[in-house]
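Visitor: What follows is a single structure, and I will ask about it in a moment.
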Amino acid sequence: MMELFSVVSAWTIPVFVTAVVVYASWKKVPVFETFVQGGKEGFAIAVGLIPYLVGMLVALGIFRESGAFDLFVELLNPLTSLLGIPAEVLPLAIMRPISGNGALAIATEIMQRFGPDSLLGLIAGTMQGSTDTTFYVLTVYFGSVGVKKIRYSMAVGLLADIVGFLASVAVCSLVFG
Amino acid sequence: MINKFWLVFIVSGMAVAAVTGRMDSMTQVILNAAGRGVNVAMGLVAILTFWLGIMKVAERSGLMRLLVRALRPVAKFLFPSVPLDHPAMSAILMTMSADILGLGNAATPLGLQAMKHLQELNPDKETASPAMCTFLALNTSSLTLIPTTVIALRAAAGSLNPAMIVPTAIIATCCSTLAAVVFDRLFRYFNGRKTGQ
């Protein structure tokens, strides 16, 4: 299983990149010039992330190094061990539907602390990559057309997030555990 | 909401530090963490630049159109109230395709376009229509094949195989999207019975 996943993941990006470039040039797109044009945004986006990362990593650093995080983990231990979820990724699960960049910073912190290829790092990456920021999407999309009564949308979005979160933990534990 | 979380992290951390006598190291913790934040962002520059370039090529090539054709039967099932030839349908299909390909920059304007057209079909402009709820259920759970930002982050953190999470993320995203569709149907059914629609 693990080997299959390594092969699939090793091939995904190279195959995708090749397919895109070949298909685009077949469709007569000036591939390199288009690439350069798109790539220009890369620096601005990375720089734009700095305040989110600094703010969140500082807050998380204080929360962890003070020992508050250990207390938090211990407090929730009955609940998390019951569900089989590592408590370290709980803050990420809570932040994910609220703020995309906030969650990104928490995922970064987990990867740096435990290593990106550790089980916790892989769970964090999977969780971050498998869903979108529910509150943000609902606010922006409904807001853009002036819909005020959003009915059951919030409940559906959050329930789906919980399913995605549990699935991330389960799949990663099964494959990488 | 994020403001409250940030406040809780800092205040509870400082309070615990005061009690456990770790206050003297807190200034260093702040400075180190801030430095790491900048380093991570700089580590992302290379990969983001490459990926956004490739995504622009994918967008320009009309790769989405291939997916649109494949997704049409799915959309027909998911959005029974939207006529197949209505502009809302094509906007929905384009958004789903952009999401699947991980074309985040392209997906949002397409999604807003879809909402605008769905609003044209909506009899009560202040209340979300069932089709809108389904569309946003799909969007919040975001069916993505290649989570590019996370791959970039993993590479920046020194992963041996940054794309390792692609298969697990695909499984997880399929689970959450399937859950979104099922919950959406269930809520719509019970909601409809309650209001007598």
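Visitor: Is it the case, given these coordinates, that B:Val74 is touching an Asp or Glu at 6+ places or on another chain (Cβ under 8 Å) and assigned to a helix (DSSP H, G or I)?
Guide: Numbers: touching an Asp or Glu at 6+ places or on another chain (Cβ under 8 Å): no; assigned to a helix (DSSP H, G or I): yes.
The answer is no for B:Val74.
Visitor: Let me ask something else about it. Over 20 Å from the mean Cα position of the chain (by Cα), modelled with pLDDT of 90 or more and loosely packed, with under 14 Cβ neighbours inside 10 Å: does that describe A:Phe32? Please lay out each step first, then the result.
Guide: Details: over 20 Å from the mean Cα position of the chain (by Cα): yes; modelled with pLDDT of 90 or more: yes; loosely packed, with under 14 Cβ neighbours inside 10 Å: yes.
Yes, satisfied.
Visitor: Also, I was wondering about something else. Can you go through A:Val73, A:Val89, A:Val147 and tell me which one is modelled with pLDDT of 90 or more and more than 13 Å from the chain's Cα centre (by Cα)? Step through it out loud before you land on a result.
Guide: Numbers: A:Val73 fails: modelled with pLDDT of 90 or more; A:Val89 fails: more than 13 Å from the chain's Cα centre (by Cα).
Testing whether each residue is modelled with pLDDT of 90 or more and more than 13 Å from the chain's Cα centre (by Cα) leaves just A:Val147.
Visitor: Just the residues that are touching a Cys at 6+ places or on another chain (Cβ under 6 Å) and more than 7 Å from chain B (Cβ to nearest Cβ), please, taken from segment A:125-151.
Guide: none
Visitor: Grab the helices (runs of 4 or more DSSP H) fully contained in segment A:52-170, keeping just those with 1 or more residues being among the basic types (Lys, Arg), buried (at least 20 other Cβ atoms within 10 Å of the Cβ) and touching a Lys or Arg at 6+ places or on another chain (Cβ under 6 Å). Working first, answer last.
Guide: Values: elements: A:68-83, A:90-95, A:100-114, A:119-130, A:134-145.
It comes to none.
Visitor: Here's another thing I want to ask about it. Being touching a residue at least 12 places away in the same chain (Cβ under 8 Å) and β-branched (Val, Ile, Thr) is the filter here, so list the residues in segment A:103-156 that pass it.
Guide: Listed by number, the residues that qualify are A:Ile106, A:Thr108, A:Ile110, A:Ile123, A:Thr126, A:Thr131, A:Thr133, A:Thr134, A:Val137, A:Ile150.
Visitor: Taking the criterion of being at the interface with chain B (Cβ under 9 Å from one of its Cβ atoms), under 25 Å from B:Met42 (Cα atoms), in contact with a Gly (Cβ under 6 Å, 6 or more places away or on another chain) and without any contact (Cβ under 8 Å) to a residue 60 or more places away in the chain, would at least one residue in segment A:26-38 satisfy it?
Guide: Yes - at least one qualifying residue is present in segment A:26-38.
Visitor: Further question on the same structure: Consider B:Gly53 carefully, then state whether it is under 30 Å from A:Leu53 (Cβ atoms) and modelled with pLDDT of 90 or more. Quick ask: steps written out before the conclusion?
Guide: Values: under 30 Å from A:Leu53 (Cβ atoms): yes; modelled with pLDDT of 90 or more: yes.
Against the criterion (under 30 Å from A:Leu53 (Cβ atoms) and modelled with pLDDT of 90 or more), B:Gly53 qualifies.
Visitor: Hey, another quick one. Return the pairs, sorted by first residue and then second, in which the second residue is β-branched (Val, Ile, Thr) and at pLDDT below 95, the first residue lies in segment B:181-197 and is not assigned by TED's automatic domain parsing to the domain that holds B:Phe135, the beta carbons are less than 8 Å apart, and the residues are 6+ apart or on different chains.
Guide: Hits for this filter: zero, empty list.
The values are calculated or read from the model by the stated rules, or taken from the named source; none is laboratory data. Since we're looking at a predicted model, the values are computed, not measured. Neighbour counts run over all protein chains shown; Cβ positions are idealised from the backbone, glycine included.
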